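K.L.:
Pasting a structure here, questions to come.
Quick note: the coordinates plus some simple rules give every number you see, no bench work behind them. Just so we're clear, the structure is a prediction, and the values are computed from it rather than from any experiment. Cβ placement follows ideal geometry from the backbone for every residue including glycine, while neighbour counts extend to all protein chains displayed.
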Amino acid sequence: MQRTGHSFPASVLKSIRDRKKQKAKAAPSEGARPAGTLVASYNVHKCVGVDRKFDPERIGRVIREIGPDVIALQEADNRFGDRAGLLDLLRLELETGLVPVPVSGNGKGHGWHGNVLLFKRGIVRNVHQIKLPGLEPRGALVAEIDLDEKRTLRIIAAHLGLLRRSRSEQARVVLEIMNRPDEKPTLLLGDLNEWRLGNRSALNTLHTTFGPAPPAVPTFPSSLPLLSLDRIMANRHGMISSVEAHDTPLSRVASDHLPLIGFVRL
């Protein structure tokens, strides 16, 4: 079949060529870990792996592999029915020290529209649950965390929609949250569902505050990553380093996305 566009095939070919490079950069060893706060974004696909098995414990093992200080999860709740949370958060806290940022009115769910933000240390301030526009029910979780007495980090954990028009509208809402360029250090973590980098990309809307998008790192599908759907972005130049996919035998099967990790220096 003849393709009418060029950006998708080009990105696929580039991802295949870069596959070995990405694997070589995966999951730094404990001794080689860069300095800074380790942050991650992970779409856990409702804890259903590429083998179609529902296995929340397997997702927990991937998170333990990463060892993050802060991690944003997407699709951590059931989407329909009572939208119950799918992970054993108490066990995860015992094994990793990660605790969820509190949200209100979530019933049996862990987070807000499936977004869960976990952190290892610090004090949480000013949590906001933002409804994002679009045909699908989507949301963003915004939290300010005092990492210590001197450092405060604001985090926007989001999962944007599948439709291009919805993504553009949702990106504008994120910009409204970031209403002043001189505000506190801020990270955007999440599955932005946007692999395009041209004029039709919703990422262009974010350039005003977050600057040009960092180098794209393929994370989807996890068995052979071709598309850079997951992002870690900051409102200050040089704040993020070493962005890479956490590519291990376990992460390739636990979800249809690979986790994306990066190191933040404030």
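K.L.:
In region 138-179, what trypsin sites (Lys or Arg not before Pro) fall in a loop by DSSP, with at most 16 other Cβ atoms inside 10 Å? Present the calculation step by step, with values, prior to reporting the outcome.
P.N.:
Numbers: sites: Arg138, Lys150, Arg151, Arg154, Arg164, Arg165, Arg167, Arg172; in loops: Lys150, Arg151.
Sparse-neighbourhood loop trypsin sites (Lys or Arg not before Pro): Lys150, Arg151.
K.L.:
Still on this structure, I have one more. Step through the residues of region 61-70 one at a time and calculate ³J(HN,Hα) from phi using the Karplus curve (6.51 cos²θ - 1.76 cosθ + 1.60, θ = phi - 60°), rounding each to whole Hz and writing x for Gly and Pro.
P.N.:
5, 5, 4, 5, 4, 5, x, x, 8, 9
K.L.:
Sum up the charges of everything whose Cβ sits under 10 Å from the Cβ of Val50, counting Lys and Arg as +1 and Asp and Glu as -1, but leave Val50 out. List each step's numbers first, then the result.
P.N.:
Details: positive: Arg52, Lys53, Arg252; negative: Asp51, Asp256.
After counting each charged neighbour, the total is +1.
K.L.:
Give, in nm to one decimal, the length gained when the segment between Lys184 and Arg125 is fully stretched (0.36 nm per residue of separation minus the Cα-Cα distance). Intermediate values should be presented prior to the final figure.
P.N.:
On the way: separation 59, 0.36 × 59 = 21.24 nm, distance 1.32 nm.
Length difference between fully extended and current span is 19.9 nm.
K.L.:
Let me ask something else about it. With an 8 Å Cα cut-off and a minimum separation of 6 or more residues, compute the relative contact order for region 36-264 in percent. List each step's numbers first, then the result.
P.N.:
Numbers: 552 pairs, mean separation 49.7, N = 229.
About 22 percent, as a whole number.
K.L.:
Net charge near Arg231: determine it from the other residues with C-beta under 10 Å of the C-beta of Arg231, scoring Lys and Arg +1 and Asp and Glu -1. If you can, show how the numbers build up before the last one.
P.N.:
On the way: positive: none; negative: Asp191, Glu194, Asp230.
That works out to -3.
K.L.:
A follow-up question, please. Residue by residue, what Karplus-based ³J(HN,Hα) values in Hz, rounded to whole numbers, does region 231-239 have, using 6.51, -1.76 and 1.60 with θ = phi - 60° and x for Gly and Pro?
P.N.:
9, 10, 10, 10, 8, 10, 5, x, 6
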